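Every read-out reported here was derived from the displayed coordinates using simple, explicitly stated rules and does not represent laboratory data. Here the structure is a predicted model, which means the values were calculated and not measured. Because the Cβ atoms are built from the backbone with ideal geometry, glycine has one as well, and the counts that use them run over all protein chains shown.
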Amino acid sequence: MNPLIGMLVSQLGGPAIQQISQQIGSDQGTTQSAVGMALPMLLSAMGNRAATPDGAEAIQQATQSNDGSILDNVMGFVGNAGAAGMGSALLGQVLGGGSHNAMADTISQNTGMDSGAATQLLGILTPLVMGALGKSSQEQGGLDANGIAQMLGSFGGGNDLLGMATRAIDADGDGNIVEDLGNIIGKMF
C-alpha cells in the first residue's frame with residue numbers, strides 16, 4: 001500500500017467514518033465505500049495536476065502551510081461543522097477548475113451517495129490528504145515543487161501499476177480520469 005494512502009487509512013477508522021457519516025448525512029457503509037473511492041481519486045487528481053509546473057507549485061504552496069498536525073486530531077477536524085467548506089476551498093486551490101464536481105458525481109453514481117454529500121466528503125477529505133502530503137514532505141526535509149511532483153507522480157502518470165492504470169483509464173488523454181472512470185463504471189451497470 002502506498003505510504004500516503006496507508007497514513008490516511010490508518011486515520012480514518014470506525015469512529016472517524018461514523019463522525020463523517022453524521023456530518024454529511026450518509027450511512028456508514030456508504031461513507032466507507034465513498035472514502036475508499038475518494039482517497040485514490042483525490043491523490044490521482046493531485047498527481048496529474050502536479051505533473052505541470054504550475055500545478056506542482058500550487059500543491060507545494062498548499063503543502064508548505066500544512067505541517068500534518070491535522071492528522072493529530074482527525075476526530076476534532078471531522079467533527080467541525082465547517083470542515084467541508086474549508087476543504088472545498090482548499091480543493092479548488094490545489095486542483096483548480098471544477099474537477100471536484102466530476103469526482104463527486106462519480107462517487108455519487110457508484111456508491112449511491114447523494115451528490116451533495118459526496119461534495120461534502122471531498123471537502124472533508126482534502127485537508128486530511130494535504131495533511132498527509134505536508135507530513136510526508138516534512139519527513140523528507142521539506143520538499144520543493146519538484147519533490148512534491150515526484151511524490152505524487154505515482155498517483156498520476158508514473159510508471160508503477162497505479163500510474164499505468166491511470167493512463168489506461170484516461171481514455172481521452174486529458175489527464176483527468178474522473179469522467180473516464182465514471183463512464184467505464186456506468187457502462188458496467
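General remarks:
- Kirkwood Rh in Å, taken over all unlike Cα pairs in the range 1-83: 14.1
- The average projected area of the range 26-130, computed from the convex hull of its Cα atoms over all directions, is 6.2 nm².
- Peptides ranked, highest mean first, by Cβ atoms within 10 Å: ranges 72-83, 57-68, 116-127: 116-127, 57-68, 72-83
- For the listed peptides 12-18, 87-93, a ranking on the average number of other beta carbons within 10 Å per residue, highest first, reads 87-93, 12-18.
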